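Worksheet: one structure, shown below.
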Amino acid sequence: MKVLLYAEAKRLLSRSGIGIALKHQMEALKRANVDFTLDIDDEYDLAHINTVGPGARFLASSCRSRNIPIVWHVHTTAEDIKNSFLFSNVYSRYARFSLSRIYSKANFLLFPTPYTEKIVRGYGVRVPGEVVSNGVDTEFFRRDEDRAKQFRKKLSLTGPIVLCVALPFRRKGIHDFVEVARKLKEYHFVWIGSKGIASLLPRDVKKLLKNPPPNVLFPGFMPQEELVGAYSAADVFFFPSYEENEGIAVLEALSCECAVVVRDIPVYEGWLQNGVNCLKAESNEDFEAAIRRLVEDRDLARDLGQEARKTALERDLIVVGRKLKTVYEDVLRKWRKS
């Protein structure tokens, strides 16, 4: 069995969730001893598609004409398109219909969470599917005090650190992050995420990036080695996103035993539990209280971090690789019988 892992515009998406998910799939399949290729001109038995652009649609049509089954990974929904880049809200109005047609061309669908499956089923898509986490490399993303010191030194940080890792979108809660930072002036707020997409952002977001409050830093993109240091140095990982399909950065923070504060949204139901492996909140006032609580109560932060690590281990890439292998084998077996 040989699998094509496909995502268009790999360079553009390399710093996005989809790009990271593709890297996770590659590593997961290596650990599960599944042969794969990234070359569409190679020979393969099954196509695993991660994007929904014209290249992905062309590949799907080609596979169908060549009698090759398609597994489509649902990373994109109409809901998570909103409040992202310029004109994204206009596009999202049409995306529901477009995505329902695209995903219906698959033989099997992969959903990062039950929440994403519920969303797509709401589009009327009836293709069989299964929930498989995007996963996290728990061996790589683990607490590292040396890297934590390097991160603090690089950014000249001496006080409590509140961290977020995400593209600077409205949907990710960047305005709330800054507003909470204005209330907690004694803490350092650091938002790590590529600023190379600035030309695609609304004017108000650009203004935040250019003129943040004195205690807010936007250092831009950082490689994964430095991210480990960031998660390890942070007193709190604050992720105020309004809409997610899973949240790979959340998984990384959990894996590094960082105390996590998230918005109480449906995607986290069933795996993030308030007061067990994270704290959840809905308003900026509650976010402020939760962050202050964790900074001041280090025993609570430590306990949440330890439980967070257990949650991450359940989504380790070894686990993901085994699940993907089983899905591929089942799809191929049913395809060959049909």
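The table for this structure:
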{"quantity": "For residue 129, residues with placed amide H under 5 Å, excluding near neighbours", "calculated": "109"}
{"quantity": "Whole-Hz couplings from phi, Karplus 6.51/-1.76/1.60, listed for the range 203-219; x for Gly and Pro", "calculated": "4, 5, 6, 4, 5, 4, 5, 7, 10, x, x, x, 9, 10, 10, 10, x"}
{"quantity": "Extended-chain gain in nm, criterion 0.36 nm per residue less alpha-carbon gap, residue 154 and residue 302", "calculated": "50.8 nm"}
{"quantity": "The range 201-280 - percent relative contact order, Cα under 8 Å, separation 6 or more", "calculated": "24 percent"}
{"quantity": "Projected label distance in nm at residue 314 and residue 211, using a 7 Å step from Cα toward the beta-carbon", "calculated": "4.6 nm"}
{"quantity": "Residue-by-residue Karplus 3J(HN,Hα) for the range 27-36, coefficients 6.51, -1.76, 1.60, Hz, glycine and proline x", "calculated": "5, 4, 5, 4, 6, 9, 6, 9, 6, 9"}
{"quantity": "Set 154/207; 183/207; 154/323; 195/323 screened for pairs whose C-alpha atoms are more than 31 Å apart", "calculated": "154/323; 195/323"}
{"quantity": "19 Å Cα-Cα reach of residue 325 towards lysines, excluding residues that sit fewer than 8 places from it in its own chain", "calculated": "2, 23, 30, 334, 337"}
{"quantity": "Structure-based [θ]222 nm, the chain - -39500 (n - 2.57) summed over DSSP H runs of at least 4, per residue, nearest 500", "calculated": "-14000 deg cm²/dmol"}
{"quantity": "Separation of the residue 289 and residue 140 label points, Cα + 7 Å toward Cβ, nm", "calculated": "3.9 nm"}
{"quantity": "Set of aspartates and glutamates with alpha-carbon distance to residue 210 below 18 Å, sequence-local pairs under 8 removed", "calculated": "176, 179"}
{"quantity": "Theoretical gain in end-to-end length, residue 61 to residue 226 [0.36 nm per residue, Cα-Cα removed]", "calculated": "55.3 nm"}
{"quantity": "Anchor residue 118: lysines whose Cα lies under 19 Å away (excluding residues fewer than 8 positions away in-chain)", "calculated": "82, 105"}
{"quantity": "Extension reserve of the residue 131-residue 2 stretch, reckoned as 0.36 nm per residue once the Cα distance is removed", "calculated": "44.3 nm"}
{"quantity": "Qualifying GluC sites (Glu not before Pro) for the range 129-199 [loop in DSSP, other Cβ within 10 Å: at most 10]", "calculated": "139, 186"}
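Readers should treat all values here as calculations from the given coordinates under stated rules, not as data from a laboratory. Here the structure is a predicted model, which is why all the values come from computation and not from measurement. We place every Cβ from the backbone using ideal geometry, glycine too, and count neighbours over all the protein chains shown.
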